[in-house]
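The structure appears below as structure tokens.
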Amino acid sequence: MQQGIKILCSGTRTFSRITIRPESRRLLSIEALEKVKLAKRVLNRNNKKSSIILIDGLNVIKEAFNAGLQLHTFFYSNDNIFDEHFSEYIFDISDECLCKIPKWYLNSMTSVQTNRGVAALFFKPKTSSFDEISMASDKELLPVTLICDNVRDPGNLGNIIRSAAAANCSSVILTHGCADPWQPKVTRSASGSQFQLPIYYDITWGQISCSKALKSMNFYLAECMRDQYQYLQNTRSTSHISNEKKLVPYYDIDWTHKSGALLAIGNEAHGFKLNTTASVTECCDITQRITIPLCHRIQSLNVATAASIILFEASRQMDAKRHYLKSC
């Protein structure tokens, strides 16, 4: 007889953040219970140093399979899930990776209120060391590396990563203080786009400033500009400042320069951390402050929206340049 742990309930009680009723009595094997505990640890703790990530969305799990991630455990509550959603991946799931558990267990180990009856643990995709970062050699990639500084909101970070992948960015760098790019909320917001490009996280500005590859790129620091009137006033009142220090619109930048570009964006509420501007200046030979001019004295855009606007302007310029070169 399979050894197990039986959860007996008399009346109603709270267990693992959910309510267990008498009709929810279940028998889990020791092995299954250990896998559930592992999933909860991945969910509730800082996951940056862990080699395992938890994914709790149907489409994101499919993206993980499509990207070739190695499966650790596949949790499910209903056998029909395979015929309905995962029939094409059935040969990628070995028997030892399968773990059938009650749905209320799934609800307790995921970050969504209503789980679709499936969750999975995958090993993180392998990324080269930050010391080996270089300008992309693939001509199809956008020669822009995005740096996120102090972006703490998981939803914003996920949307930024999704936009970076959609624009075909070379890579994304997350400084120390950003949200964990592998936590489930970020993964859901990014819709699995983390698997499509290199992500370097928990990086310090000291590491960035010491990177020889990054020093050869043009560095653009995105800052908030209240509105077009303020932009005009800024231009008139700072004529004595060198062109490198002026705040210019993002669309006046040549994003197709052969040396590549670094685009740094900060927290929309608090901007960059203290001393970031000084660190950036030391990091690259060329530093240009850029902005998105806004009307009606709107103070700022959502950081994910602002990043998307700039990245897709860079992508537009790159597509136009490729089209021009092909026509010559």
Given the criterion free of Cβ contacts under 8 Å to residues at least 24 places away in the same chain and either surrounded by fewer than 16 Cβ atoms within 10 Å (Cβ to Cβ) or of a type in the set (Gly, Ala, Ser) (or both), identify the matching residue among LEU325, LEU301.
LEU325
The lone exception for LYS6 - which of (1) at pLDDT below 75; (2) in contact with a helix residue (DSSP H, G or I) (Cβ under 9 Å, 6 or more places away or on another chain) it fails:
(2)
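Among the listed residues LEU174, LEU142, LEU146, which satisfies the condition of being within 27 Å of THR256 (Cβ to Cβ), of a type outside the set (D, E, K, R) and over 12 Å from the mean Cα position of the chain (by Cα)?
LEU142
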Conditions (1) at pLDDT below 95; (2) more than 10 Å from the chain's Cα centre (by Cα); (3) surrounded by fewer than 23 Cβ atoms within 10 Å (Cβ to Cβ); (4) at negative phi -> ALA167 fails only (1)
Filter region 57-98 down to the residues that are under 16 Å from ALA39 (Cβ atoms), touching a Leu at 6+ places or on another chain (Cβ under 9 Å) and not β-branched (Val, Ile, Thr) and list them by number.
ALA64, LEU71, HIS72, PHE74, PHE75, TYR76, SER77, CYS97
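Residues are listed down the side, and each one gets a yes or a no for (1) among the β-branched types (Val, Ile, Thr); (2) exposed (fewer than 15 other Cβ atoms within 10 Å of the Cβ); (3) in contact with a helix residue (DSSP H, G or I) (Cβ under 9 Å, 6 or more places away or on another chain); (4) on the phi > 0 side of the Ramachandran plot:
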| residue | (1), (2), (3), (4) |
| --- | --- |
| ASP95 | no, yes, no, no |
| LYS100 | no, yes, yes, no |
| MET109 | no, no, yes, no |
| PHE123 | no, yes, no, no |
| SER128 | no, yes, no, no |
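The values are calculated or read from the model by the stated rules, or taken from the named source; none is laboratory data. Every value quoted in this text rests on a predicted model; they were computed, and no experiment measured them. All Cβ positions, glycine included, derive from the backbone under ideal geometry; neighbour counts span all protein chains shown.
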